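J.: I have a structure here, written as structure tokens, and I will follow up with some questions on it.
Derivation of every value follows stated rules applied to the coordinates shown; laboratory data play no part. Please read all numbers here as calculations on a predicted model, not as lab measurements. Here Cβ is always computed from backbone atoms with ideal geometry, including for glycine, and neighbour counts include all displayed protein chains.
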Amino acid sequence: MSAPLGYYPDIHGPSQQSLQTAGPSKASSRRGQYKDPRVFLLERPVPSPDYVRRISLGYKPSPQAPLLIILDLNGVLIYRSRNGSKTSFEPRPDLDVFLSYLFARHHVMVWSSGVSKYVTKICQDLFTAEQFDSLIGIWARDKLRLTPSASAQNVQVYKQLRWVWEDRDLQKKASMGTSLCEGAVTGGVYGQENTVLIDDSLEKAAAEPHNLLQVDEFKGAQDQARKGVDKTLMRVVHYLEKLDRVTNVTAYMKENPFYP
């Protein structure tokens, strides 16, 4: 697959000229983590008691089994650069090999904080036709449960994985050819024990921090040339090959975290 290059209107919608912030004591400690200032209007979720309990059960070796891999786009798979009102993207090194591995071995969905129609368009250009058809879901900003006011602003968002696990349509699509596993929601396939969110933001995974495989933000070829060859995606593959051999990825990831 050749490096895709597409143009899209700004994926996150219009920028805000004036944004309210949550007071300095609450927002300033986190704001430095991001290139653009975030607005902290939403309550930060915390892990549920049941989530913590399931981690405490530990993990055991298990035969290889597919995982649910939830992919972010910008900063993880691609670098999105703006040129006026249009946006182009370039793929992260080894993306073709990485995606070939994922779709051959696991169930894959996309969850981006971008606007839905532009996220779908990027996915159509980024994935092969077969890969695109194999996605069990494409979630975007409309799946972050934001109020209209918050959705229009550059708010700090949270990807709460329980929303994925409780979604009957996703579970039904993922169940095709996959056995039920302990820890999945009732009648479902995927849950805490076998879901991996690949993202470059620690904050977005506040509700389920030990399902997060956090990677360094990919900032494009110029940044790569300065830092050296980016082998992040190949390192992720090696880590996933360990995760699909254990019974409880959250317990494993807490004990053996992936270091970007």
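J.: Read phi for every residue in the stretch 66-81 and hand back ³J(HN,Hα) as whole Hz from Karplus 6.51 cos²θ - 1.76 cosθ + 1.60, θ = phi - 60°, with x for Gly and Pro.
T.: x, 9, 9, 9, 9, 9, 7, 9, 5, x, 10, 9, 9, 10, 9, 10
J.: Can you list the residues, at least 5 places off or on another chain, whose amide H is less than 5 Å from the amide H of Gly137, using H built in the peptide plane?
T.: Under 5 Å from the amide H of Gly137 lie the amide H atoms of Val110, each far enough along the sequence or on another chain.
J.: Related question: How far apart, in nm, are two points set 7 Å out from the Cα along the Cα-to-Cβ line at Ser116 and at Leu202?
T.: Going from the Ser116 label point to the Leu202 one covers 3.3 nm.
J.: Okay, moving on. Can you run phi through the Karplus equation (6.51, -1.76, 1.60; θ = phi - 60°) for the stretch 45-61 and list ³J(HN,Hα) in whole Hz, with x for Gly and Pro?
T.: So the J values, rounded to whole Hz, are x, 10, x, 6, x, 5, 4, 5, 4, 5, 5, 5, 6, x, 9, 9, x.
J.: Quote the charge dipole size of the stretch 48-255 about the Cα centre in Debye, to the nearest 20; the model charges only the Cβ of Lys and Arg (+1) and of Asp and Glu (-1).
T.: Value, rounded to 20: 280 debye.
J.: Between Ser48 and Trp163, with labels modelled 7 Å along Cα→Cβ, what's the label distance in nm to one decimal, could you check?
T.: Modelled inter-label distance: 1.5 nm.
J.: Provide the per-residue ³J(HN,Hα) series for the stretch 106-111, in order, calculated from phi with Karplus coefficients 6.51, -1.76, 1.60 and θ = phi - 60°, each as a whole number of Hz, with x at glycine and proline positions.
T.: After applying 6.51 cos²θ - 1.76 cosθ + 1.60, I find 9, 8, 10, 9, 10, 9 Hz.
J.: What number of lysine-lysine pairs in the stretch 48-255 show an alpha-carbon separation below 16 angstrom, given a sequence spacing of 8 or more or placement on distinct chains?
T.: Lysine pairs meeting both conditions in the stretch 48-255 amount to 11.
J.: Of all alpha-carbon pairs in the stretch 48-255, indicate the percentage at a distance above 25 angstrom.
T.: More than 25 Å apart: 37 percent of the Cα pairs in the stretch 48-255.
J.: So who's got an amide H within less than 5 Å of the one on Leu213, skipping anything under 5 residues away but keeping other chains? H placed 1.01 Å off N, in plane.
T.: Amide H neighbours of Leu213: Leu197, Ile198, Asp199.
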